[in-house]
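Rule-based calculations on the coordinates, nothing more; no lab input. Bear in mind that the values here come from a model prediction, so they are computed numbers and not experimental data. Note: ideal-geometry Cβ built from the backbone for every residue, glycine included; neighbour counts use all protein chains shown.
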Ligand SMILES: [Zn+2]
């Protein structure tokens, strides 16, 4: 039975095959069931990830227990990743509890402080066979910022080269035009910049945050330019919430296993679409 594995070998396999790995956020048992169903139906590896909010909601023991059990349901290896870890302590707690991959997000710190924090987390993680993702530049939220303002947060290739060398991260989240949440206008990605960054970081995997709502052709091109992991959260949350709403409006049923089922199916369909897209379909 496969256990949870670090994300590094999954990223390496994806890069070798010229595809990306889908990193799907889960929030509760229902969304986890949906992702595992999707991965199973496509016989695909995925990265399951949670933010700190989900950790506060479910608790680390529950998350690791559920994800470990989920890994046994499918043949392909999967990783459990901390998304946007905000501190060394949180990353350490996740590593202690059995996460196999952590992101440390120092993107709001100065370049030097981001390097120092990320390096500390990378040292701890690697000594526990856990993979690490850092972030350089800053991936904003669509509610905070729009238009040309976003470009000032973009990752610079020369900084990226120094960052990966100094921190030894396995993966680097880059700011090249995507943002978190729903996009309000047209999505524009700076592919020239992405190509330069990939050249600068060598075999380090590049990560695209804010994958929800990015048109398929742009996702495909981003993968061609070197993106190896794509994060999806907003569309999954949206599918679940709409599914539950619809279900509750349609019937007075109080058996929540029945009311949640259409929502699980809706999320599974989105997950299938995203995993397929990452694999080039
Ligand atoms: Zn993100």
Which order do 199, 40 fall in if you start with the one that has the fewest other Cβ atoms within 10 Å?
199, 40
Regarding the stretch 1-82, what whole-number volume in Å³ per residue does the convex hull of its Cα atoms give?
79 Å³
Roughly speaking, what is the stretch gain from residue 276 to residue 109, that is 0.36 nm per residue apart minus the C-alpha to C-alpha distance, in nm to one decimal?
56.6 nm
Mean separation of Cα contacts under 8 Å, 6 or more apart, over the residue count of the chain: relative contact order %
21 percent
Given 78-91, 214-227, the highest-first ranking by average Cβ count within 10 Å works out to 78-91, 214-227
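In percent, what relative contact order does the stretch 1-104 have, based on Cα pairs under 8 Å that are 6 or more apart in sequence?
34 percent
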How far apart, in nm, are the 7 Å Cα→Cβ label points at residue 89 and residue 76?
3.8 nm
Principal-axis tilt of helix 234-250 within the chain, Cα atoms, nearest 10 degrees
20 degrees
Among 167-176, 185-194, the order from most to least packed when residues are scored by Cβ within 10 Å on average:
167-176, 185-194
Return one number: the angle in degrees, 0 to 90 and rounded to the nearest 10, between the long axis of the Cα atoms of helix 29-42 and the longest principal axis of the Cα atoms of the chain.
80 degrees
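Just to verify a number: FRET efficiency for residue 145 and residue 250, C-beta to C-beta distance, R0 = 45 Å, to 0.05?
0.75
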Quick check on packing: order 253-261, 269-277 by the mean number of other C-beta atoms within 10 Å, highest mean leading.
269-277, 253-261
Stretch residue 12-residue 238 to full length: gain in nm at 0.36 nm per residue minus the Cα-Cα span?
78.3 nm
Averaged across orientations, what area in nm² does the convex hull of the alpha carbons in the chain project?
14.1 nm²
By count of other Cβ within 10 Å, fewest leading, how are 198, 152 ordered?
152, 198
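Between residue 123 and residue 187, what length comes free when the chain is fully extended (0.36 nm per residue of separation minus the Cα-Cα distance, one decimal in nm)?
Taking 0.36 nm per residue and subtracting the Cα distance, the gain is 19.5 nm.
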Please determine, in degrees from 0 to 90 and to the nearest 10, the orientation of helix 60-71 with respect to the longest principal axis defined by the Cα atoms of the chain, where the helix direction is its Cα long axis.
80 degrees
